[in-house]
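The block underneath contains the structure these notes are about, expressed in structure tokens.
The values are calculated or read from the model by the stated rules, or taken from the named source; none is laboratory data. Model, not experiment: these values are computed from the prediction. With ideal geometry, Cβ positions are generated from the backbone for all residues, glycine too; neighbour counts draw on all protein chains shown.
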Amino acid sequence: MIRFDRVSKRYPGGYDALREVGFSIESNELVFLTGHSGAGKSTLLKLIMMMERPSRGQVIVNNRSLKDMSRRRIPQHRREIGVVFQNHQLLFDRSVFDNVALPLAIAGYPSRDIGRRVRAALDKVGLLSREKHMPITLSGGEQQRVGIARAVVNKPRVLLADEPTGNLDPALSAEIMHLFEQFNQVGVTVLIASHDLALISQLHYRIITLSEGRLLVGGVD
Amino acid sequence: MTRSPRSRSEVVSRGDQGASPTQTNMVQRLTGWWRHHLTMARDSLQRLLDRPWSSVMTWLVIGIALALPVSLSVLVSGAESVSRNWDSGAQLSVFLKHDLNTGTVNALAGDIEDMPEVSSVRGISPAEALAEFESFSGFGDALRNLDSNPLPHLLLITPAQAAQTSEQIGDLSRRVSSLVGVDQVVVDMEWVERLRAMMALGKRAVLALGTILALGVLLIIGNTIRLTVESRRDEIVVVKLVGGSDAFVRRPFLYTGLWYGLGGALVAWALVVLVLFWLEGPLSSLAEQYQSAAMAPSLGVLGALQLLLFGGTLGLLGAWVTVSRHLASIEPR
Ligand SMILES: Nc1ncnc2c1ncn2[C@@H]1O[C@H](COP(=O)(O)OP(=O)(O)O)[C@@H](O)[C@H]1O
Ligand SMILES: [Mg+2]
């Protein structure tokens, strides 16, 4: 589903955030991506989202090489991937409902489908009763769940998460991870960047470890 | 966390992939697209109304900038339509040689009157001419002391309605000049030409002024939209992150531009109506003095629609240029 082929990323300024990274993730897999702060986890996810392009090597998502993808195709590519950020990236002047509905509005769904899907996604993350609230009135964990509902509302086949439990206490973190497991159980390919080793080592999934931009362990072949 | 079995099958199940975004059918997409446009249009207007003072200011500035050239152009075209009536007053004055007798003069007048380009000919005898000259020059006494009347016979030619262009009148003038007994032909049309030249100058000036002010309006709208884009930077980033195309991101700003342009055009329309209403009295008394049809310049329904169309187009254009320039620089990092 996701394959990195000797991928290097050098940022303008000369810093090598990723060096010759190679691995592949099969569909229906759940994989954790870990490593010290600055190891290149976020960079790796940004390459999948096409927020950055590799300096060398190629990234293949869903059998498509991102190398030949034009700028115009990027939005379509992003619609096929759900993404959750540590800082939520919610719109604070819109209700919870409107935030979750955003990907559907972008994809041009009719409004009754939007209502049905948004409520289903909010129900799934346990926030159905909050659909009319503004995000600012929610706790950190709840905001993160709104972010997750937005990421899955479009039923993407790939779900990425960058430090989704970064600001949460252990109990809330475990709950969030459990949500990701449930999405994975119904066939979504999940890649979660996290440095919370204590949490992710309990969960018995493959762990890819980066250090200073190099892949240490967890790449297949 | 509580979950109902229904929701589980809806969000989590991979069973109903049929409704994935790439497979939504065409009609659904179109209605969704249309609904999105309506929502965007309403949201953008609502955002403008949420900050009434700054929006009204922008509308006023745009309105004034549009009203100035539009009022002037309405006035110029009003003056033009009035002067079109004056055009038909072009006349030829034919001065005959001194030694002609009345019989020859009448024959000559008859010949000229028979020309197809001529509508009518009026003869003025030297005696009549002298009387007229005396009455308006005040040199009556001096003239009466002359031995003989120095004035020649004069024929006034009114060209036919179908022969009013400058070339036709020039041709006619040459033909009449070549007749035996004709001394000189004076075309009494210079003032009409001068008026026309001034009218053309006026139209150009209005066009130039209009172009400059339209550019100004573009800049005003562009700058206002730029501030709006800046203030919604975070939102643009999020929309791009979840797969919003450039067109999707651009849309609310285009509507903002459209509302600025349309609102400005409405203000301009009201100003033009006021100005013309205010000028109506002086204009009609002016028209009376020139014995011309009353000049009642107005924008009319068509003009008002054109003004709205123009304002809306300016708004869209200004927004388009600005948003396109700024959007590329706002990328998720
Ligand atoms: N846009 C950028 N420009 C320059 N350097 C960057 C940029 N983004 C990240 N980096 C650098 O690349 C390295 C890896 O960053 P990142 O992928 O965010 O690491 P992680 O998510 O593992 O903490 C860091 O040293 C960071 O400073
Ligand atoms: Mg990071």
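Please specify each residue of the stretch A:128-146 satisfying the condition of being within 18 Å of residue A:181 (Cα to Cα) and at the interface with chain B (Cβ under 10 Å from one of its Cβ atoms). If the condition is that a residue be within 18 Å of residue A:181 (Cα to Cα) and at the interface with chain B (Cβ under 10 Å from one of its Cβ atoms), then A:145 is the only one that fits. Could you say whether any residue in the stretch A:61-72 is under 27 Å from residue A:195 (Cβ atoms), touching a residue at least 40 places away in the same chain (Cβ under 8 Å), touching a strand residue (DSSP E or B) at 6+ places or on another chain (Cβ under 6 Å) and within 16 Å of ligand 1 (Cβ to nearest atom)? The answer is no; no qualifying residue exists.
Restricting to the stretch A:174-198, name every residue that is within 16 Å of ligand 2 (Cβ to nearest atom) and modelled with pLDDT under 90. Quick ask: steps written out before the conclusion?
Kept after step one, since they are within 16 Å of ligand 2 (Cβ to nearest atom), are these residues of the stretch A:174-198: A:191-197.
Within the stretch A:174-198, A:195, A:196, A:197 meet the criteria.
Could you tell me whether any residue of the stretch B:221-229 is charged (D, E, K, R) and touching an Asp or Glu at 6+ places or on another chain (Cβ under 8 Å)? Looking through the stretch B:221-229, none of the residues is charged (D, E, K, R) and touching an Asp or Glu at 6+ places or on another chain (Cβ under 8 Å). Taking each residue of the stretch B:268-290 that is in a helix (DSSP H, G or I) and looking for partners that are hydroxyl-bearing (Ser, Thr, Tyr) with beta-carbon atoms closer than 7 Å, six or more apart or interchain, yields B:272/B:71; B:275/B:71; B:276/B:71; B:276/B:298.
Check A:164, A:75, A:135 and return the single one that is surrounded by 19 or more Cβ atoms within 10 Å (Cβ to Cβ), not assigned by TED's automatic domain parsing to the domain that holds residue A:32 and not charged (D, E, K, R).
Numbers: A:164 fails: not assigned by TED's automatic domain parsing to the domain that holds residue A:32; A:75 fails: not assigned by TED's automatic domain parsing to the domain that holds residue A:32.
A:135 is the lone residue from the list that is surrounded by 19 or more Cβ atoms within 10 Å (Cβ to Cβ), not assigned by TED's automatic domain parsing to the domain that holds residue A:32 and not charged (D, E, K, R).
Filtering the stretch B:232-286 down to residues that are of a type in the set (S, T, N, Q) and in contact with a helix residue (DSSP H, G or I) (Cβ under 6 Å, 6 or more places away or on another chain), which residue is nearest to the other protein chains (Cβ to nearest Cβ)? Checking each candidate, the answer is B:245. Residue B:158 satisfies every condition listed in (1) surrounded by 13 or more Cβ atoms within 10 Å (Cβ to Cβ); (2) in a loop (DSSP other than H, G, I, E, B); (3) touching a strand residue (DSSP E or B) at 6+ places or on another chain (Cβ under 8 Å) except (2). For the stretch A:170-215, which positions are closer than 13 Å to residue A:31 by Cβ and among the basic types (Lys, Arg)? Hit for the stretch A:170-215 is A:206, nothing else. Across the stretch A:148-178, the number of residues qualifying as more than 10 Å from chain B (Cβ to nearest Cβ) and not hydroxyl-bearing (Ser, Thr, Tyr) comes to 18. Every test in (1) touching a Leu at 6+ places or on another chain (Cβ under 7 Å); (2) not assigned by TED's automatic domain parsing to the domain that holds residue A:20 is passed by residue A:95 save one, and that test is (1). Being within 14 Å of ligand 2 (Cβ to nearest atom) and within 14 Å of another protein chain (Cβ to nearest Cβ) is the filter; apply it to the stretch A:5-47 and report the residue that is surrounded by the fewest Cβ atoms within 10 Å (Cβ to Cβ). Step by step, filter the stretch A:5-47, then rank; the result is A:11. Of the numbered criteria (1) more than 16 Å from ligand 1 (Cβ to nearest atom); (2) modelled with pLDDT under 95; (3) not assigned by TED's automatic domain parsing to the domain that holds residue A:2, the one residue A:100 fails is (2). Of the helices (runs of 4 or more DSSP H) lying entirely inside the stretch A:52-125, those containing at least 3 residues that are within 10 Å of another protein chain (Cβ to nearest Cβ) and more than 17 Å from the chain's Cα centre (by Cα) are A:96-107, A:111-124.
Just a yes or no: is a residue in the stretch A:194-201 of a type in the set (Val, Ile, Thr) and buried (at least 19 other Cβ atoms within 10 Å of the Cβ)? Yes, some residue in the stretch A:194-201 is of a type in the set (Val, Ile, Thr) and buried (at least 19 other Cβ atoms within 10 Å of the Cβ).
Looking only at the stretch B:295-326, which residues are assigned to a loop (DSSP other than H, G, I, E, B) and surrounded by fewer than 18 Cβ atoms within 10 Å (Cβ to Cβ)? Steps first, answer last, please.
Our first condition is that a residue be assigned to a loop (DSSP other than H, G, I, E, B); within the stretch B:295-326, this holds for B:295-299.
Within the stretch B:295-326, B:296, B:298 qualify.
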